[in-house]
Amino acid sequence: MLKSKASQNAADQRNITRLRVLEHIRTRGSISRIDIASALQTSPATVTAATADLISAGLIKEIESEPQSKSAKRGRPRVLLQLDGRSYLVAGLKVARHMISVILVDFKGNEVTSYKHPLDDVRMTPGALVATIRKALDEACAQINETLDTLSGVSIGVAGLVDAERNFVHWSSSLTDRNVDFSQFLETELPCPAFIENDANLVAKAEQLFGLGKGFKNFLVVTIEHGVGLGIVLDGKLYRGERGCGAEFGHTKVQLDGALCQCGQRGCLEAYVGDYALIREATVADQRIGTETIKEIHENARSGDERAKSVLARAGQMFGLGISNLINLFDPERIILSGAQMDLEHLNSDEVMTRIRSGVVNVDTPLPEITAHHWGDLMWAKGAAAYGIEQVSILKVKELSTNAP
């Protein structure tokens, strides 16, 4: 028993080393074994063993470096290592209210194709949602003359309370049911490993790898669309909380017994800031039949409509209160406001900044940088794909230990 435990511990340590080496190669693009050993402060022999395993798994490959100059001494070209982009095809999906956005990427994260699948129903049963996800994936794969069998992994982003480690969704605005274990649904419908994660966490991952979070170790991403989400990156790592529900900024309370939230509780931040909240208030305030769109509310406010201006102003003040609380809790380097095809001016105005300053603990240093990042729905899917690549990497490295003699 002791020998078996010791053997397992050794295998776990080898996997940790392999993943560290793989991530460093991903970060650097191409790098030599000796430079990896130096950067990770480990022995060249350890790196050589790890890279041999990663090559055998198809995760990385060797390339010859280009001569630095014509005057360089002749000899055998230096061997570098880089990711093998062609080895695995990964899908990332974002489930929104009216559409599923799909992106297929290679192992390097390069886009291969993308596809948008319209949804007839805003909320579905778990079985219906997974069947629709499969249909969207089939259509995306067909665009490049491939089938689902060629996918190495699928990552799915949904709004709501998600325990990513268990593929368990406590609640989502896309589902008719609560407390759903998606493992069986996904295994039945999809021929490859599949992972579910909170969509705001996936945007944080996308911002970290591709966007405005690159190079920052501690930053927050606040997503604003139908609801309000939060992705937290601390010391370079995504923070989820003990139950996977530790970043529900939209459901923090800003008003005792306040406006009704789509989660069923009252006084949540998103009940004042989310798309549905703005439309609800604008419609009630105007006492009209019919629902305005977010675009119309902004256009009316710019035209001087006092009712529309009041709706946006209240949302901004509530949002400023929430952001000041985030700064007091996390003291991040940067806060990124991310929204899909949405005007965020009312949440990033001088009045909102004044509200934030008044709510932050007063110290003689500037506030964290607060910046808006406008992007389309595909950014969510790209974040899902990044998470999918990460999970596929972990699975392939674990297989090395399983298949070892």
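Brief remarks follow.
- Selected residue (criterion: least open to solvent (accessible area, probe 1.4 Å)) from residues of segment 166-200 that are modelled with pLDDT of 90 or more and part of a helix (DSSP H, G or I): L186
- Residue count, segment 295-322 (criterion: out of contact with any helix residue (DSSP H, G or I) (no Cβ under 6 Å at 6 or more places or on another chain), more than 27 Å from N362 (Cα to Cα) and assigned to a helix (DSSP H, G or I)): 7
- Strands (runs of 3 or more DSSP E) wholly inside segment 218-278 that include at least 2 residues being in contact with a Phe, Trp or Tyr (Cβ under 8 Å, 6 or more places away or on another chain) and of a type outside the set (S, T, Y): 219-224, 228-234
- Selection from segment 24-42 of residues that are part of a helix (DSSP H, G or I) and either touching a residue at least 24 places away in the same chain (Cβ under 8 Å) or open to solvent by 90 Å² or more (accessible area, probe 1.4 Å) (or both): I25, R26, T27, R28, R33, I34, I36
- A single member of G320, G339 is at pLDDT below 85 and open to solvent by less than 20 Å² (accessible area, probe 1.4 Å), and it is G339.
- Leading residue by the ranking (modelled with the highest pLDDT) among those in segment 205-217 that are open to solvent by less than 10 Å² (accessible area, probe 1.4 Å) and not in a loop (DSSP other than H, G, I, E, B): E207
- Candidate set from segment 1-22 (those that are more than 13 Å from S401 (Cα to Cα), free of Cβ contacts under 8 Å to residues at least 60 places away in the same chain and in a helix (DSSP H, G or I)); member that is most open to solvent (accessible area, probe 1.4 Å): K3
- Residue within segment 225-233 that is open to solvent by 10 Å² or more (accessible area, probe 1.4 Å) and out of contact with any strand residue (DSSP E or B) (no Cβ under 8 Å at 6 or more places or on another chain) present: yes
- Among the residues making up segment 43-66, a single one is part of a helix (DSSP H, G or I) and of a type in the set (D, E, K, R): D53.
Residue by residue, here is whether (1) in contact (Cβ under 8 Å) with a residue 12 or more places away in the chain; (2) surrounded by 13 or more Cβ atoms within 10 Å (Cβ to Cβ); (3) charged (D, E, K, R) holds:
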{"residue": "D350", "(1), (2), (3)": "no, no, yes"}
{"residue": "R355", "(1), (2), (3)": "yes, yes, yes"}
{"residue": "S358", "(1), (2), (3)": "yes, no, no"}
{"residue": "D364", "(1), (2), (3)": "no, no, yes"}
{"residue": "E369", "(1), (2), (3)": "yes, yes, yes"}
{"residue": "W375", "(1), (2), (3)": "yes, yes, no"}
{"residue": "A384", "(1), (2), (3)": "yes, yes, no"}
{"residue": "E399", "(1), (2), (3)": "yes, no, yes"}
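- Residue list for segment 235-278, restricted to those being hydroxyl-bearing (S, T, Y) and open to solvent by less than 30 Å² (accessible area, probe 1.4 Å): Y272
- Figure legend. Inter-residue proximity from segment 173-195: first residues in contact (Cβ under 8 Å) with a residue 40 or more places away in the chain, second residues among the β-branched types (V, I, T) and open to solvent by 40 Å² or more (accessible area, probe 1.4 Å), beta-carbon distance below 9 Å, spacing 6+ or different chains. Indicated pairs: S173/V122; S174/V122; L175/T125; T176/T125; D177/T125; P191/T147; C192/T150.
- Options G211, G227, G258; residue that is more than 18 Å from L326 (Cβ to Cβ), in contact (Cβ under 8 Å) with a residue 12 or more places away in the chain and under 23 Å from the mean Cα position of the chain (by Cα): G211
- Filtering segment 368-381 for residues that are of a type in the set (G, A, S), in contact with a helix residue (DSSP H, G or I) (Cβ under 7 Å, 6 or more places away or on another chain) and either modelled with pLDDT of 90 or more or assigned to a helix (DSSP H, G or I) (or both) leaves an empty set.
- Whichever residue in segment 86-115 is of a type in the set (F, W, Y) and not in a strand (DSSP E or B) and, among such residues, is most open to solvent (accessible area, probe 1.4 Å): Y88
- Annotation: of all residues in segment 323-336 being part of a helix (DSSP H, G or I) and not aliphatic (A, V, I, L, M), the one that is surrounded by the fewest Cβ atoms within 10 Å (Cβ to Cβ) is N328.
- Qualifying residues in segment 116-156 (those that are touching a Leu at 6+ places or on another chain (Cβ under 8 Å) and under 10 Å from I100 (Cβ atoms)) - the one surrounded by the fewest Cβ atoms within 10 Å (Cβ to Cβ): T132
The values are calculated or read from the model by the stated rules, or taken from the named source; none is laboratory data. As the structure is a prediction and not an experimental result, all values here were calculated from the model. Neighbour counts are summed over all protein chains in view; Cβ atoms, including those assigned to glycine, are modelled from backbone coordinates with ideal geometry. Side chains included, ligands, DNA and RNA excluded: accessible areas come from the protein's heavy atoms. Shrake-Rupley method; radii C 1.70, N 1.55, O 1.52, S 1.80 Å.
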